[in-house]
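Here the structure comes first, spelled out in structure tokens, and everything after it is commentary.
The values are calculated or read from the model by the stated rules, or taken from the named source; none is laboratory data. None of the values given here were measured: they were computed from a predicted structure. Neighbour counts are summed over all protein chains in view; Cβ atoms, including those assigned to glycine, are modelled from backbone coordinates with ideal geometry. For the accessible areas, the whole protein counts, side chains as well, though only heavy atoms, and no ligand, DNA or RNA atoms are used. Shrake-Rupley method; radii C 1.70, N 1.55, O 1.52, S 1.80 Å.
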Amino acid sequence: MPGIAEENYWFRRHEVVYEAMRERCTGRVVLEAGSGEGYGANMIADVASTVLGLDYDASAAAHVLDRYPRIGMLRGNLASLPIADASVDVVVNFQVIEHLWDQAQFLNECFRVLAPGGALLISTPNRITFSPGRDTPLNPFHTRELDAAELTELLLDAQFSVHTMTGVHHGSALRALDEKHGGSFIDAQIERALAGEPWPSDLTADVAAVSTGDFDIDPSDIDASLDLVAIAIKPTVSPVSG
């Protein structure tokens with residue numbers, strides 16, 4: 001969420017994807033499926049013709065309606081989108097699919113509501129780096145994390161074509177902070193948060209100073225990326241079943 005000092009690293013890591021992807025929304029009718037606090041949908045509203053937000057949580061929906069008047073806010077389940085067939089140009093789904101129990105059903109719903117040629121913009125933590133060496137996610141609120149091959153397979157199974165598969169990486173300043181904080185800037189934050197202890201002043205200052213410019217979005221070494229970022233396209237011609 002924006003405006004929480006201790007969450008600034010994670011906020012900027014989310015925000016950089018909105019910055020990189022929102023030009024794909026220019027002049028389009030956009031649905032953000034899983035809009036949360038709403039800051040991302042509001043960023044997209046700077047360029048889109050129409051932005052619809054959708055979230056299951058009543059308090060989140062009420063917050064968006066109150067704080068971001070440009071967003072047409074809906075409540076609903078992502079496994080059954082309350083949107084007409086072929087009625088939106090872009091579906092945005094950043095840092096959400098890892099929370100869903102039925103990821104395949106959600107992607108099928110995205111395919112249904114998109115107009116032919118429409119785009120699904122999706123990001124999710126890279127399982128390889130987010131929960132390394134584990135069969136179950138470290139984050140108890142994640143149901144299934146994905147690597148690039150697994151995300152690609154889900155998208156293809158939902159009849160999308162994968163236009164782009166790239167990833168979020170630490171830039172040079174964040175790599176220097178990794179070294180400064182014992183090898184992992186992320187772990188230094190998590191350890192302090194779990195311990196419930198006051199943060200050292202240098203860690204607090206370093207977290208507060210992080211900006212979106214400190215991250216790189218790069219398709220190289222995808223398995224080493226922090227978050228996966230994909231653009232998937234609904235074909236203009238329906239696949240012919242055999």
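Sequence-distant or interchain residues sharing an amide H contact under 5 Å with A86, placed H: which?
Residues meeting the criterion, in which the H sits 1.01 Å from N, are V113, L114.
What dipole magnitude, in Debye to the nearest 20, does the chain give about its Cα centre under +1 on Lys/Arg Cβ and -1 on Asp/Glu Cβ?
740 debye
Taking the Cα-to-Cβ direction at S201 and at H63 and moving 7 Å from each Cα, how far apart do the two end points lie in nm?
For S201 paired with H63, the spin-label model returns 3.2 nm.
Given Cα pairs under 8 Å that are at least 6 residues apart, what percent is the relative contact order of the chain?
22 percent
Suppose only helical runs count, i.e. DSSP H with n ≥ 4. What mean residue ellipticity at 222 nm does that imply for the chain under -39500 (n - 2.57) per run, divided by all residues and rounded to the nearest 500 deg cm²/dmol?
-10000 deg cm²/dmol
In whole Å, what is the distance between the alpha-carbon centres of the stretch 123-182 and the stretch 55-88?
When both Cα centres are located, 26 Å separates them.
Say each of A86 and Q105 gets a label point 7 Å from the Cα, pointing the same way as Cα to Cβ; how far apart are those two points in nm?
It is 2.5 nm.
When only the heavy atoms of the protein chains count and the probe is 1.4 Å, how do D218, D135, D85, D223 rank by accessible area, highest first?
Largest accessible area first, the residues go D135, D85, D223, D218.
For the stretch 124-173, just the Cα atoms, rotate onto the principal axes and tell me the three extents in Å, largest first.
Result for the stretch 124-173: principal-axis Cα extents of 33, 30, 17 Å.
If I model a spin label at T136 and L156 as a point 7 Å from the Cα along the Cα→Cβ vector, what separation in nanometres do I get?
Spacing of the two 7 Å Cα→Cβ label points: 3.1 nm.
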